[in-house]
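The structure under discussion appears below in the form of structure tokens.
The values are calculated or read from the model by the stated rules, or taken from the named source; none is laboratory data. Treat the numbers as computed from the prediction; the structure is a model and nothing was measured. Don't worry about glycine lacking a Cβ; one is built from the backbone with ideal geometry, like all the others, and counts go over all protein chains shown. Areas reflect the complete protein model, heavy atoms only, side chains present, ligands, DNA and RNA absent. Shrake-Rupley method; radii C 1.70, N 1.55, O 1.52, S 1.80 Å.
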Amino acid sequence: MADLVRVSKFLSLVLRHKPHEIGLALDPNGWADVDELIRLANVAGRRLDRPLLERVVAENDKKRFAFSDDGRRIRASQGHSVEVELDLPPVAPPDLLYHGTATRFLPSIRATGLRPGSRQHVHLSADETTAATVGRRHGEPVVLVVRAGEMAAAGFPFYRSVNGVWLTERVPAEFLTFPGSPGV
Ligand code: HQG
């Protein structure tokens, strides 16, 4: 596995899910001190330095991580399971957004809508191709259409992470269009 991918996976682990695994502290907005991250990573046996971190932030395929304006802190732009407040402003979504999932989850999704599971938000994509790729991670992919405009009109807030992922707290089943439904 390429070095950058390995570092990206490590950063996903400590900046989204398990900072305590290396003794790292995230502030309430999910930021970690860069020097502290580098120090603790090396203590944990991970070779990490500022230039490598900068390459991962710049070149990561999904731009998963971002530095603070002063460059002294770093955080994951979305995808957290630890509780953080990303402080994203609510934004009006496009009429339709897409969620990729696996066919085996459909009965449960029809019953309860989309739930964030272990993460803080349900993740939605602006295009079907990205959604299909996300769904394929879980099994036989299926893309659900989220009638986001209707949801927003009904008072559900939407957010967009700096790397372009649409986020919302949950999607009730009534706002989902399943493949094979009339008109799809
Ligand atoms: C499913 C990746 C049963 C949901 C991607 C999904 C994304 C339900 C799975 C980001 C359900 C959760 C997130 C319900 C939802 N019953 N299953 N009621 N509601 N589900 O991995 O959206 O590469 O937590 O459909 O690109 O797959 O990590 O979410 O299949 O943006 O940066 O429960 O992760 O980004 O799986 O992926 P996940 P996700 P990164």
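In this structure, does Asp35 turn out to be within 14 Å of Ser161 (Cα to Cα), open to solvent by 30 Å² or more (accessible area, probe 1.4 Å) and in contact (Cβ under 8 Å) with a residue 12 or more places away in the chain?
Judged against the criteria, Asp35 is not a match.
Taking into account only those residues within segment 138-156 that are surrounded by fewer than 16 Cβ atoms within 10 Å (Cβ to Cβ) and of a type outside the set (Gly, Ala, Ser), which is nearest to the ligand (Cβ to nearest atom)?
His138
If Gly183 satisfies every condition in (1) of a type outside the set (A, V, I, L, M); (2) at pLDDT 95 or above; (3) open to solvent by 20 Å² or more (accessible area, probe 1.4 Å) but one, which is the exception?
It fails just one condition, (2).
Kindly indicate the residue of segment 127-137 that is open to solvent by 60 Å² or more (accessible area, probe 1.4 Å) and either in contact with a Lys or Arg (Cβ under 9 Å, 6 or more places away or on another chain) or closer than 20 Å to Phe158 by Cβ (or both) and also nearest to the ligand (Cβ to nearest atom) among those meeting that condition.
Quick first cut of segment 127-137, residues open to solvent by 60 Å² or more (accessible area, probe 1.4 Å) only: 127-130, 133, 136-137.
Filter once more, keeping what is either in contact with a Lys or Arg (Cβ under 9 Å, 6 or more places away or on another chain) or closer than 20 Å to Phe158 by Cβ (or both): 127-128, 130.
Values: Asp127: 12, Glu128: 14, Thr130: 7 Å.
Step by step, filter segment 127-137, then rank; the result is Thr130.
Considering every residue within segment 157-170, establish whether at least one is part of a loop (DSSP other than H, G, I, E, B) and of a type in the set (Phe, Trp, Tyr).
Yes: segment 157-170 contains one or more residues that are part of a loop (DSSP other than H, G, I, E, B) and of a type in the set (Phe, Trp, Tyr).
Within segment 15-132, considering only strands (runs of 3 or more DSSP E) that don't extend past its boundaries, which have at least 1 residues that are of a type in the set (A, V, I, L, M) and within 21 Å of Arg147 (Cβ to Cβ)? First the steps, then the outcome.
Numbers: elements: 65-67, 73-76, 97-102, 122-124.
Filter on segment 15-132 gives 97-102, 122-124.
So which of Pro107, Pro19, Pro89, Pro116 ends up being assigned by TED's automatic domain parsing to the domain that holds Val146 and either open to solvent by less than 50 Å² (accessible area, probe 1.4 Å) or under 17 Å from the mean Cα position of the chain (by Cα) (or both)? Walk me through how you get there before you give the answer.
Working: Pro107 fails: either open to solvent by less than 50 Å² (accessible area, probe 1.4 Å) or under 17 Å from the mean Cα position of the chain (by Cα) (or both); Pro19 fails: assigned by TED's automatic domain parsing to the domain that holds Val146; Pro89 fails: assigned by TED's automatic domain parsing to the domain that holds Val146.
Sole residue among the options that is assigned by TED's automatic domain parsing to the domain that holds Val146 and either open to solvent by less than 50 Å² (accessible area, probe 1.4 Å) or under 17 Å from the mean Cα position of the chain (by Cα) (or both): Pro116.
When you check Thr101 against the structure, is it near the ligand (Cβ under 7 Å from one of its atoms) and touching a strand residue (DSSP E or B) at 6+ places or on another chain (Cβ under 7 Å), yes or no? Write out each step before concluding.
On the way: near the ligand (Cβ under 7 Å from one of its atoms): yes; touching a strand residue (DSSP E or B) at 6+ places or on another chain (Cβ under 7 Å): yes.
Considered against the rule, which asks whether it is near the ligand (Cβ under 7 Å from one of its atoms) and touching a strand residue (DSSP E or B) at 6+ places or on another chain (Cβ under 7 Å), Thr101 comes out as yes.
One residue is enough: does segment 51-71 have a residue meeting the conditions within 14 Å of the ligand (Cβ to nearest atom), under 22 Å from Pro157 (Cβ atoms) and modelled with pLDDT of 95 or more?
Checked against the condition, which is being within 14 Å of the ligand (Cβ to nearest atom), under 22 Å from Pro157 (Cβ atoms) and modelled with pLDDT of 95 or more, segment 51-71 yields at least one hit.
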